[in-house]
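Engineer: A single structure is presented below for examination.
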Amino acid sequence: MTTQVGIAPVGPYASPRQMKWHETEVYSLVHFSLNTYTDKEWGFGDESPDLFNPAEFDADQWVRLCQETGINGMILVAKHHDGFCLWPTKTTEHCVRNSSWRDGKGDVVKDVSEACARHGLKFGIYCSPWDRNNPGYGAEDYVNIYHEQLRELLTGYGSLFEFWFDGAHGGDGYYGGAYDRRSIGKDYYQWDTVRAMIRKYQPDACMFGIADLRFIGNEHGYAHDPCWATLAVDPFSTADGKILEQGERNGTHWMPGECDFPLREGWFYHEHDAVKQPDRLMDVYFKSVGLGCCMNIGLAPDRRGLICDDDAESLRAWSKQKNQIFSQSRIKTADAANDLSESDAAQEPFSAGSVLSDDMSFWLAGEGEKEPALVVKLDEGTAFNVIEISEAIEYGQRVDEFAVDVWQDGSWQQTATATSIGYKRLLIIKTAMTDQVRIRFTRFIAPPVIRHIRFYKASANLVMNSRIAITRNKEGRVSIRAGSDGFEIHYTTDGTEPDQNSPVYMQPLVLPDGGVVKAVGIIPNEDNAKTSVTTAEFGCDRSNWCVVRVSLESEFTNGGNACKEHLLNDDPTTYWHTYHTEKKQSAPPHEVVLDMGKSQTLAAITMMPRMIPGSEMEGAPDKYEVYLSLDGEDWTAAACGEFGNLKANPGMQRINLPEPMPARYIRFVATHCLDNRCYVVVAGIGAILAK
């Protein structure tokens, strides 16, 4: 690696390909395939290729939207777990060649890669190792097929900036007509061979999950503070979410985090999914890019082959907010200083003034300084509440802790401290007005190497740092609460976005038929600054429901938190479970029968898994059957399937019925649990009424 004369990297450091990845900052992961048409997250592999027929498919529309909104790259899911390939591969018939789309002559991967090239967007690919369609999955022959699919993608679609992998592999599927379960070992895919192929054909591409980059440990888009770019464990094998979220300060490899999350509730398009709003996206930006990671937004084109207007509007509004914050930094000069006086330790070409430039120059602290510092002079009377600071990470992540001082009333006043910096750190502080700021580096493993410092003024809603909570009690009353005082809560129940003209929350709401509640906190008389919008969907009122029976109720009540009656409340920390010392009794399938008290026409059934930190997914059913009845005797099969991606994206799961159905009784059957658990745990069952 080329470095400045006299400066050597300390510890792990960013490679040239990782530097380019860091500079991307924001990119997208596009899910568009057969699941778009079957309303699934994970297809079984038995879907007909003929379902894929996007009449208005337009890759340029996807790419133009990204370019317009500051999304600098696009990773296409070329094959998901159902095995359907979006390019005319020679390795399987389960591909676009056998679809109705363009008479079998289309190639989605080609169209997207060429659209990215036309508009200057970086292009990447994900090809799922798991294949629930291929009859040879689990045997060596399939591995050869998978490697050939990778070779086709690596050599046929131009330059790639990232090749994406995830941890979903092994389990049940269609497998060419054999509905069974296939198990594989950790070395089944021959990852060493995969890594060597990517290095050979795409040397500039970073590998997510198996080298270069790590999963951040959740699918909400949030890194953890502090967030170190180094790791000492294999990111593909660790199940420790905290390690992935934080990294390891004494890690042996430069392995920065990618913060991925879907713009909608699911990764694929589902008609009823809500779209994350601009304030939420801004919050994610500060907790991903602002912690030295990259932000990966999941986009889901609809059945036409277009990104919906609601999705586009949210991205455009977020981009506008971001541009308003980061459009101008008002710094006059920067000087190197220690605690008492200006220092001559840092000389050209590594002077303090380098932090003001937009190039790759930097300031290097003097060797031996106990607490090196930078004094930044601002325009007189500058107000700011966001600080951007970055290290020259090609020399390693050197800073352990730094402090921010503001010149007030003739002396320095400490206003904030923080830990990790890395590629970029965005630090939100209470709004300050001054003409001088001092950044002190209080702990470090080698003299700090600082590339940029910037100061910005964001609107008050960004620094309010408050969340709105929407809950419903067992009597069916919906309450809205804020984490702090000082603002009004406005809400809507008609699906529209709340603003200062929406009703002010004064007392609990009664929603007998359920519905969607959206709430926002607004500060009066301060440009109507607001918090992020919080959305909660509730099924119909269950205060008159009762549990008719469960197939097994455990003798272990866990201090009262575990009993069948908890199925009818909205508390995700209480639950019904079947844990028993006799595993054969507690293992699924298990069922619960509920009486709604009267006949109602249903559009969907909901299932809430237990949500307790550290154990939220234990025993959560990932496969189900739903039956409905008017009299509790004659049952009609209403739905069956699986909750795809439940472990990485927990929360209330919605089972859409194929058409509205009248019922008084609901029978929910858990047929399988995550990780083959031998007991079932469910926090709640509910219903969404047909409109």
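The values are calculated or read from the model by the stated rules, or taken from the named source; none is laboratory data. Keep in mind that what you see is a predicted model, and the values were worked out from it rather than measured. Cβ atoms come from the backbone with ideal geometry, glycine included; neighbour counts cover every protein chain shown.
Engineer: The conditions are (1) touching a Ser or Thr at 6+ places or on another chain (Cβ under 9 Å); (2) crowded, with 19+ Cβ neighbours inside 10 Å, and Ile389 fails exactly one of them. Which is it?
Structural biologist: Failed condition: (1).
Engineer: In this structure, does Ala373 turn out to be crowded, with 22+ Cβ neighbours inside 10 Å, of a type outside the set (Ser, Thr, Tyr) and farther than 25 Å from Trp254 by Cα? Walk me through it before giving the result.
Structural biologist: Details: crowded, with 22+ Cβ neighbours inside 10 Å: yes; of a type outside the set (Ser, Thr, Tyr): yes; farther than 25 Å from Trp254 by Cα: yes.
Yes: the conditions hold for Ala373.
Engineer: Also, I was wondering about something else. For Asp273, are the conditions met, namely being in contact (Cβ under 8 Å) with a residue 60 or more places away in the chain and surrounded by fewer than 20 Cβ atoms within 10 Å (Cβ to Cβ)? Break it down stepwise before answering.
Structural biologist: Numbers: in contact (Cβ under 8 Å) with a residue 60 or more places away in the chain: no; surrounded by fewer than 20 Cβ atoms within 10 Å (Cβ to Cβ): yes.
For Asp273, the condition - in contact (Cβ under 8 Å) with a residue 60 or more places away in the chain and surrounded by fewer than 20 Cβ atoms within 10 Å (Cβ to Cβ) - is not met.
Engineer: Surrounded by 20 or more Cβ atoms within 10 Å (Cβ to Cβ), among the basic types (Lys, Arg), closer than 23 Å to Asp39 by Cα and within 28 Å of the chain's Cα centre (by Cα): does that describe Arg654? I'd like the intermediate steps shown before the answer.
Structural biologist: On the way: surrounded by 20 or more Cβ atoms within 10 Å (Cβ to Cβ): yes; among the basic types (Lys, Arg): yes; closer than 23 Å to Asp39 by Cα: yes; within 28 Å of the chain's Cα centre (by Cα): yes.
Criteria met by Arg654.
Engineer: Checking the conditions here, which among Glu342, Glu313, Glu348, Glu271 is at pLDDT below 90 and within 26 Å of the chain's Cα centre (by Cα)?
Structural biologist: On the way: Glu342 fails: within 26 Å of the chain's Cα centre (by Cα); Glu313 fails: at pLDDT below 90; Glu348 fails: within 26 Å of the chain's Cα centre (by Cα).
On inspection, the qualifying residue turns out to be Glu271.
Engineer: Mind checking which residues of segment 356-411 are more than 20 Å from Leu291 (Cβ to Cβ) and β-branched (Val, Ile, Thr)?
Structural biologist: Result: Val375, Val376, Thr382, Val406.
Engineer: Still on this structure, I have one more. Only one of Gln190, Gln149 is outside the structural domain of Phe402 (by TED's automatic domain parsing) and more than 25 Å from Gly73 (Cα to Cα). Can you tell me which? Break it down into steps so the answer makes sense when it comes.
Structural biologist: Working: Gln149 fails: more than 25 Å from Gly73 (Cα to Cα).
After applying the criteria, what remains is Gln190.
Engineer: Kindly check whether there is at least one residue in segment 92-109 that is at pLDDT below 95 and either part of a loop (DSSP other than H, G, I, E, B) or not assigned by TED's automatic domain parsing to the domain that holds Leu674 (or both). Let's see the steps before the verdict.
Structural biologist: Step one: list which residues in segment 92-109 are at pLDDT below 95, which gives 100.
In the following step, the residues that additionally are either part of a loop (DSSP other than H, G, I, E, B) or not assigned by TED's automatic domain parsing to the domain that holds Leu674 (or both) were identified as 100.
Yes, that holds for at least one residue.
Engineer: Can you tell me which residues in segment 180-206 are part of a loop (DSSP other than H, G, I, E, B) and in contact (Cβ under 8 Å) with a residue 40 or more places away in the chain? Even if it seems obvious, please write down each step before you answer.
Structural biologist: Residues of segment 180-206 part of a loop (DSSP other than H, G, I, E, B): 183-190, 202-205.
Passing the criteria: Ser183, Ile184, Lys186, Tyr188, Tyr189, Gln190, Gln202, Pro203, Asp204, Ala205.
Engineer: Out of (1) at pLDDT 85 or above; (2) assigned to a strand (DSSP E or B), what's the single condition that is false for Glu565?
Structural biologist: (2)
Engineer: Are there any pairs, at least 6 apart or on different chains, whose C-beta atoms fall under 7 Å, with the first in segment 419-438 and assigned by TED's automatic domain parsing to the domain that holds Thr230 and over 18 Å from Met19 (Cα atoms) and the second surrounded by fewer than 16 Cβ atoms within 10 Å (Cβ to Cβ) and of a type in the set (Phe, Trp, Tyr), and if so, which?
Structural biologist: none
Engineer: Can you tell which of Glu56, Glu47 is free of Cβ contacts under 8 Å to residues at least 40 places away in the same chain and not in a helix (DSSP H, G or I)? Spell out the reasoning first.
Structural biologist: Details: Glu56 fails: free of Cβ contacts under 8 Å to residues at least 40 places away in the same chain.
None of the other options fit; the residue is Glu47.
Engineer: Within segment 161-179, which residues are part of a loop (DSSP other than H, G, I, E, B) and either in contact with a Phe, Trp or Tyr (Cβ under 6 Å, 6 or more places away or on another chain) or within 22 Å of Arg17 (Cβ to Cβ) (or both)? Spell out how you get there, then give the answer.
Structural biologist: So the first thing to find is which residues in segment 161-179 are part of a loop (DSSP other than H, G, I, E, B), and the list is 161, 165-170, 174, 178-179.
Within segment 161-179, Phe161, Phe165, Asp166, Ala168, His169, Tyr174 meet the criteria.
Engineer: Also: Does segment 278-300 include one or more residues that are under 29 Å from Phe57 (Cβ atoms) and in a loop (DSSP other than H, G, I, E, B)? Give the steps one after another, and end with the answer.
Structural biologist: Within segment 278-300, the subset under 29 Å from Phe57 (Cβ atoms) is 278, 280-281, 284, 294-300.
Next cut, in a loop (DSSP other than H, G, I, E, B) only: 300.
Within segment 278-300, one or more residues are under 29 Å from Phe57 (Cβ atoms) and in a loop (DSSP other than H, G, I, E, B).
Engineer: Among the residues in segment 498-521, are any at pLDDT below 85, hydroxyl-bearing (Ser, Thr, Tyr) and not assigned by TED's automatic domain parsing to the domain that holds Met652?
Structural biologist: No, there is no match, as no residue in segment 498-521 is at pLDDT below 85, hydroxyl-bearing (Ser, Thr, Tyr) and not assigned by TED's automatic domain parsing to the domain that holds Met652.
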